[in-house]
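Colleague: A single structure is presented below for examination.
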Amino acid sequence: MASVLLLVKLTGKKRLSHLYTEELRQKLIFFLFERMLKVLKGLTVYVATPDNFRGNGYEVIRDEWEDINRVITKARGMIKDDMLILPCDLPFVEREDVEGLLSGRITVVPSQNGGTNALFLPRDMDFETQFGESSFKKHIALLEKKSIAYEIYESDHFRDIDTEEDIAWALEHRRNSEFSRFVVEELASNR
């Protein structure tokens, strides 16, 4: 059995502040969050957040430190299942992508900018996450240092949205996606 830990922070996406107001960035984050909840429907979902969310089909794990790695450690102490850690800003992930990571083997999914956009950890794995700058290399280095076997899974479905370049990529390569329509219809029209 595996649970999903979804990471969300309403005051995120600061690298998009030159494009969108705080209100529009929050609207973007809510869109991404709600989309991920639809993808994860039927799975056991926990939401790690520093914000005041009320669980509706998921349990909230409060991030009182605003530190991803600390809240993941807290979550791993509370959740008794294997865990798939996902940021909520993955607009192209589908259910089959998620299910493909629930294999029971440690799996690291790199982001397009050197980060980690998914990490599957078996319950009995003693592993301290390294989310933050260059987290993909840090995760791999730690796994290799501990001689732990792992898999790397690469897919454009796990492309996140952090920068103007990411939005431009989506509008070019995923033109007909729900995300691209949201950017054009909701964000661009309100700028």
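Just so you know, all these numbers are worked out from the coordinates, no wet-lab data involved. Computed from a prediction, not measured in an experiment: that's the story for all the values here. Backbone-built Cβ (ideal geometry, glycine too); neighbour counts: all protein chains shown.
Colleague: Starting at the first residue of the range 57-73, write each ³J(HN,Hα) from the Karplus equation 6.51 cos²θ - 1.76 cosθ + 1.60 with θ = phi - 60°, in whole Hz, x for Gly and Pro.
Modeller: x, 8, 9, 8, 10, 6, 9, 6, 9, 6, 9, 3, 5, 5, 5, 5, 4
Colleague: Restricting to lysines 8 or more places apart or on different chains, can you count the pairs in the range 8-129 with Cα atoms under 22 Å from each other?
Modeller: 10
Colleague: Here's something else I'd like to know. Within 11 Å, Cβ to Cβ, of TYR150, how many net charges do the neighbouring residues add up to if Lys/Arg are +1 and Asp/Glu are -1? Could the numbers behind the result be given before it?
Modeller: On the way: positive: ARG105, LYS146; negative: GLU144, GLU151.
My count for the surroundings of TYR150 gives 0.
Colleague: Still on this structure: When the Karplus curve 6.51 cos²θ - 1.76 cosθ + 1.60 is applied with θ = phi - 60°, which whole-Hz ³J(HN,Hα) does each residue of the range 92-107 get, with x for Gly and Pro?
Modeller: Rounded to whole hertz, the list is 10, 6, 10, 4, 5, 5, 5, 4, x, 8, 8, 8, x, 9, 4, 9.
Colleague: Shifting gears a bit: Karplus couplings for the range 48-53 from phi (6.51 cos²θ - 1.76 cosθ + 1.60, θ = phi - 60°), rounded to Hz, Gly and Pro as x?
Modeller: 9, 7, x, 8, 8, 8
Colleague: Right, next: Can you compute the charge dipole magnitude of the chain about its Cα centre, using +1 on each Lys and Arg Cβ and -1 on each Asp and Glu Cβ, nothing else charged? Give it in debye, rounded to the nearest 20.
Modeller: Values: 27 positive and 33 negative charges, 56 e Å.
So the magnitude is around 260 debye.
Colleague: May I pose another question? Would you mind checking which residues have amide H under 5 Å from ILE61's amide H? H placed 1.01 Å from N; only 5 or more apart, or other chain.
Modeller: Hits under the 5 Å cutoff: VAL47, ALA48, THR49.
Colleague: Need the list of aspartates and glutamates near LYS145 for cross-linking: C-alpha distance under 20 angstrom, and skip anything on the same chain fewer than eight residues off.
Modeller: LYS145 reaches ASP124, ASP126, GLU128, GLU133.
Colleague: A further question on this structure: Return the whole-Å distance between the Cα centroid of the range 114-150 and the Cα centroid of the range 1-57.
Modeller: A separation of 22 Å, based on Cα centres.
Colleague: Under 5 Å between amide hydrogens, which residues at least 5 positions from THR44 or on another chain qualify, with H placed 1.01 Å from N in the peptide plane?
Modeller: So THR44 has HN proximity to VAL4.
Colleague: Another question, if that's okay. Given springs between every Cα pair under 10 Å in a Gaussian network model of the chain, which of LEU121, LEU84, LEU40 has the largest fluctuation?
Modeller: LEU40
Colleague: If we sort 5-11, 59-65, 92-98, 143-149 on the protection proxy, mean other Cβ atoms within 10 Å, highest first, what's the order?
Modeller: Details: 5-11: 19.6, 59-65: 15.0, 92-98: 16.7, 143-149: 10.4.
So the peptides 5-11, 59-65, 92-98, 143-149, ranked by packing, come out 5-11, 92-98, 59-65, 143-149.
Colleague: Determine the sum of side-chain charges near GLU165: Lys and Arg each +1, Asp and Glu each -1, restricted to other residues whose C-beta is under 13 angstrom from that of GLU165.
Modeller: Values: positive: ARG15, ARG159; negative: ASP160, ASP162, GLU164, ASP166, GLU172.
Computed value for this residue: -3.
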